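Here is the structure we will look at.
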Amino acid sequence: MTGGFTFFGICGGPVRAMTQHGNLLFLGATFGSVYSFTIDTQSFQSSFDVGPNMTGLSAEGGSLYVSFADGTIKQLDITTGALQSTFLAP
């Protein structure tokens, strides 16, 4: 990989987690918001609140998975942030 990484942000606090899904980059802020940006144009797409104590993000298919410090994992719709399911990590 060559070249530099440039990015402007409008994130509600320090980035705690991030994941890529196709041409979208999801950034999870310390205070519980998730922001999505288009990678090639670096343009803001959407944001939604997931709550405090988020520890990680992962994307698969049409879902965004958000993990929390207490072991909870939320499955969200990747475009709207709507909650699809909640479960505890084993």
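Just a few scattered comments:
- Where labels lie 7 Å past Cα in the beta-carbon direction, separation of ALA69 and ASN23 in nm: 3.8 nm
- Given the choices [x] 69; [y] 66; [z] 62, percent of Cα pairs over 14 Å apart derived from the coordinates of this structure is entry [z].
- When the surface is traced with a 1.4 Å probe over the full set of protein chains, LEU88 keeps roughly 120 Å² accessible.
- The residues of the chain present an accessible area of 59 Å² per residue when probed at 1.4 Å with all protein chains retained.
- With 0.36 nm allotted per residue and the present C-alpha distance subtracted, the LEU83-ASP49 stretch has 11.2 nm of extension available.
The values are calculated or read from the model by the stated rules, or taken from the named source; none is laboratory data. Given the structure is predicted, the values throughout are model-derived calculations rather than measurements. So basically every Cβ, Gly included, is an ideal-geometry build from the backbone, and we count neighbours across all protein chains shown. Ligands, DNA and RNA are stripped out before the accessible areas are found, and what is left, the full protein with its side chains, is counted by its heavy atoms. Shrake-Rupley method; radii C 1.70, N 1.55, O 1.52, S 1.80 Å.
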